[in-house]
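Some notes on the structure that comes next.
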Amino acid sequence: MKTQVWIAVCVYVLAAIVRKELRLEVSLSQMLQIVSVSPFEQVPLDELFEKMAPHSDTLTPCNQLMLWY
């Protein structure tokens, strides 16, 4: 159990370092999701996040009703 906690802490710290070094706008959770989806792609990290990051001008409004305004 201790090993799993330390591995999770190390992954979080490494992700935070990469995010800061690459000056990424995505959150850490989004960044970790992107990395977990594409573990075998041989693409530099900055290109991976650049092509996977949603662009605000291309987003279309969804049909989901808002619960809180």
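Coordinate-derived values only; no laboratory data. Everything quoted here is computed from the prediction, not taken from an experiment. Ideal geometry is used to build each Cβ from the backbone, glycine not excepted, and the neighbour counts take in all protein chains shown.
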- Within segment 11-27, can you find the residues that are of a type in the set (A, V, I, L, M, F, W, C) and part of a loop (DSSP other than H, G, I, E, B)? Leu24, Val26
- Cross-chain or 6+ apart pairs with Cβ under 9 Å, segment 7-31 first and under 13 Å from Leu45 (Cα atoms), then surrounded by fewer than 12 Cβ atoms within 10 Å (Cβ to Cβ) and among the small types (Gly, Ala, Ser): Arg19/Ser27
